[in-house]
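Notes follow once the structure below has been shown.
The values are calculated or read from the model by the stated rules, or taken from the named source; none is laboratory data. Predicted model, so just to flag it, every value in this text is computed and none were measured. Neighbour counts are summed over all protein chains in view; Cβ atoms, including those assigned to glycine, are modelled from backbone coordinates with ideal geometry.
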Amino acid sequence: MGAALEFVRYQSTEVNTRGICVGIFGLANGLAKTGKLCDEDHRWWQTANAWYDAAYPDPNLADPTVYDRTINPHAQAWFKTSAAHLLKRIPGYVDLLDRYGVKWEEVRSSDPGRVLYEDDVQVVVVPNR
């Protein structure tokens with residue numbers, strides 16, 4: 001990971017019971033799984049998630065331990081800012097979160113933590129504390 005690279009993460013503003021700030025997809029998934037989304041938003045969420053699932057690699061397929069809660073309990077994913085095709089769809093997620101009163105923040109870093117996984121559009125790290 002080069003120091004000149006910049007990374008961006010969209011996450012909750014507060015830590016959860018596991019001591020992590022949940023990422024934007026986890027926040028949206030939580031709304032859907034608890035039945036809080038209206039029908040139109042639920043359909044949008046399903047379509048958006050399907051697009052992202054097809055658009056870039058799933059780190060779990062390369063290394064099933066990346067998100068293992070006993071091995072890497074604080075692992076978090078960051079987009080590379082060069083992944084413009086992925087980042088241009090993030091506003092749909094933040095709009096969804098805003099409509100349902102879910103607080104989120106954008107965080108940027110050139111060194112988000114110890115890299116567990118990396119591909120051309122993202123890194124999964126154990127964050128710097």
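Among the candidates Ala50, Ala32, Ala62, which residue alone is exposed (fewer than 12 other Cβ atoms within 10 Å of the Cβ) and either closer than 15 Å to Tyr93 by Cβ or not hydroxyl-bearing (Ser, Thr, Tyr) (or both)?
Ala50
Among the residues in the range 74-92, are any basic (Lys, Arg), at pLDDT 95 or above and loosely packed, with under 13 Cβ neighbours inside 10 Å?
Step one: list which residues in the range 74-92 are basic (Lys, Arg), which gives 80, 88-89.
Subsequent filtering for residues that are at pLDDT 95 or above retains 80, 88-89.
Filter once more, keeping what is loosely packed, with under 13 Cβ neighbours inside 10 Å: 88-89.
Checked the range 74-92: at least one residue is basic (Lys, Arg), at pLDDT 95 or above and loosely packed, with under 13 Cβ neighbours inside 10 Å.
Quick one: which of Asp98, Asp111 is at pLDDT 95 or above, among the charged types (D, E, K, R) and in a loop (DSSP other than H, G, I, E, B)? Even if it seems obvious, please write down each step before you answer.
Values: Asp98 fails: in a loop (DSSP other than H, G, I, E, B).
Just one listed residue meets the conditions, Asp111.
Restricting attention to the range 92-99, does a residue exist that is touching a Lys or Arg at 6+ places or on another chain (Cβ under 9 Å) and either of a type outside the set (D, E, K, R) or farther than 24 Å from Glu6 by Cβ (or both)? Step through it out loud before you land on a result.
Filtering the range 92-99 down to residues touching a Lys or Arg at 6+ places or on another chain (Cβ under 9 Å) leaves 97.
When the remaining residues are screened for being either of a type outside the set (D, E, K, R) or farther than 24 Å from Glu6 by Cβ (or both), the result is 97.
Within the range 92-99 (the criterion being touching a Lys or Arg at 6+ places or on another chain (Cβ under 9 Å) and either of a type outside the set (D, E, K, R) or farther than 24 Å from Glu6 by Cβ (or both)), the answer is yes, since at least one residue qualifies.
Which residue out of Leu96, Leu86 is in contact with a Leu (Cβ under 9 Å, 6 or more places away or on another chain) and under 24 Å from Leu37 (Cβ atoms)? Spell out the reasoning first.
Details: Leu86 fails: in contact with a Leu (Cβ under 9 Å, 6 or more places away or on another chain).
Selected residue: Leu96, the only one of Leu96, Leu86 that is in contact with a Leu (Cβ under 9 Å, 6 or more places away or on another chain) and under 24 Å from Leu37 (Cβ atoms).
Filter the range 67-92 down to the residues that are more than 14 Å from the chain's Cα centre (by Cα), part of a loop (DSSP other than H, G, I, E, B) and not charged (D, E, K, R) and list them by number.
Listed by number, the residues that qualify are Thr70, Ile71, Asn72, Pro73, Ser82.
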